[in-house]
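S.K.: Can you keep this structure in mind? I'll have questions shortly.
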């Protein structure tokens, strides 16, 4: 069912009864008419399909019971409620109809108020069932996301914890290790714990976003200054990999944004670019103003992605064909968080990518966030 006026298919071989039913339900419903069983099946399988069928039991050729059986056996029509119109009042007749999948009976002679009430009731029931099915589908999808969430967390936290435990056990016996080896283990523990903290923070952000508890604290700030500060922090990682980070920020007007969250956007895009770029390549970070909109552009010379993967790039827990070039870890959460933060500011994130040539991410958001 859609939000349009519901469609009711009247199936009867008697013109007089059709006229009575039409007068009883118009103009509340869009009316479709069939004079026999074959016409009824064609109409029910057509586009648009009826939302409910008023079906006479006694008709020449294919009777109402046979029509109902065919409707309920077809995946395309089995969900359409069928109300029998009949002068039969035997219990066996009614039992047979319900066994075939009918939802109700209306006896002859026809009472227009009863017809309208029964139609309204069964259309409402059908709509409720559709809503319930949709909610069940959404719950199933959320449960699958939760399972992936837990599986990802368990897998990506277990291995670092094993490493930390092993190195810390050796550090508890310092006489067996040289000072240089101790420092090396401590650096490794610090690096691995930072990776774990990043993952936990990402998981908490995703949880807040999915639960609807994601809020912004909007204040006046300067985007160019914010971008330069974040570039300095990420620049160290870029230099360690032999990657050149070019920063070009003009004098932009102040904007209204959540500085911490927008900094998180820049961090994620820059660290992502560093993670997937090879030594000797260049990453360009720039800002610009276009009317009342501000933009942040991050362009890399990484491996790029095929067009069929671009639609999945901002999904949760996505692992795509491009691989980190320095054994870095990828949670598959960063770009999903970026998209949610930017959209919360009333903006958009766009990506252009070509295999072998790199990717360009463009974040656009209004100077004065409407949120």
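S.K.: Cα extents of region 150-303 along the three principal axes, largest first, in whole Å?
M.R.: That gives 64, 42, 29 Å along the principal axes, largest extent first.
S.K.: Once a ≥ b ≥ c are taken as the square roots of the eigenvalues of the Cα gyration tensor of region 170-246, is the result rounded (a/c under 1.5), prolate (a/b larger than b/c) or oblate (a/b not larger than b/c)? Don't skip to the end; give the middle numbers.
M.R.: On the way: a/c = 3.49, a/b = 1.58, b/c = 2.21.
Here region 170-246 falls in the oblate category.
S.K.: Please build a GNM for the chain, connecting alpha carbons under 10 Å apart, and tell me which residue among 325, 198, 28 fluctuates the most.
M.R.: Ranking 325, 198, 28 by mean-square fluctuation puts 28 first.
S.K.: Follow-up. Any chance you could give the angle, 0 to 90 degrees and rounded to 10, that helix 179-210 forms with the longest Cα principal axis of the chain?
M.R.: 30 degrees
S.K.: Region 202-285: D in µm²/s via Stokes-Einstein (Kirkwood Rh, Cα pairs, 37 °C, 0.692 mPa s)?
M.R.: Here the translational diffusion coefficient equals 232 µm²/s.
S.K.: Calculate how steeply helix 334-344 sits against the longest principal axis of the alpha-carbon atoms of the chain, using the helix alpha-carbon long axis, and give the answer as 0 to 90 degrees to the nearest 10.
M.R.: Orientation of helix 334-344: about 70 degrees from the principal axis.
S.K.: Roughly how many nanometres apart are two label points built 7 Å out from the Cα toward the Cβ at residue 180 and residue 239?
M.R.: So the two model labels end up 2.4 nm from each other.
S.K.: Moving to a separate point now. Let me know the volume per residue of the alpha-carbon convex hull for region 1-70, in Å³. Intermediate values should be presented prior to the final figure.
M.R.: Details: hull volume 5.1 nm³, N = 70.
Per residue, the Cα convex hull of region 1-70 comes to 73 Å³.
S.K.: By per-residue mean of other Cβ atoms within 10 Å, what is the highest-first order of 127-140, 241-254, 274-287? Write out the running numbers ahead of the final one.
M.R.: Details: 127-140: 10.7, 241-254: 14.8, 274-287: 19.3.
Highest mean packing first, the order is 274-287, 241-254, 127-140.
S.K.: While we're on this one: Rounded, prolate or oblate for region 269-311? Axes are the square roots of the Cα gyration tensor eigenvalues, ordered a ≥ b ≥ c, and the cut-off for rounded is a/c under 1.5. Display every interim value, and only then the final one.
M.R.: On the way: a/c = 3.00, a/b = 1.46, b/c = 2.05.
It is oblate, given that a/c is not under 1.5 and a/b is not larger than b/c.
S.K.: To the nearest 10 degrees, how steeply does helix 259-276 sit against the main Cα axis of the chain, on a 0 to 90 scale?
M.R.: Between the helix axis and the principal axis of the chain, the angle is about 80 degrees.
S.K.: Relative contact order for region 181-261 using alpha-carbon pairs under 8 Å, separation at least 6, rounded to a whole percent? Let's see the in-between values first.
M.R.: On the way: 45 pairs, mean separation 30.6, N = 81.
The value is 38 percent.
S.K.: Taking every pair of distinct Cα atoms and averaging 1/r, then inverting, what Kirkwood hydrodynamic radius in Å comes out for region 219-366?
M.R.: 15.3 Å
S.K.: So what's the projected area for the chain, the Cα convex hull averaged over all directions, in nm²? Could you put the intermediate results ahead of the total?
M.R.: Values: hull surface 112.9 nm².
The orientation-averaged projected area of the Cα hull of the chain comes to 28.2 nm².
Any read-out appearing in this document is the output of simple, stated calculations on the displayed coordinates, not a laboratory observation. Everything numeric here is computed off the predicted structure, so don't read it as measured data. Backbone-built Cβ (ideal geometry, glycine too); neighbour counts: all protein chains shown.
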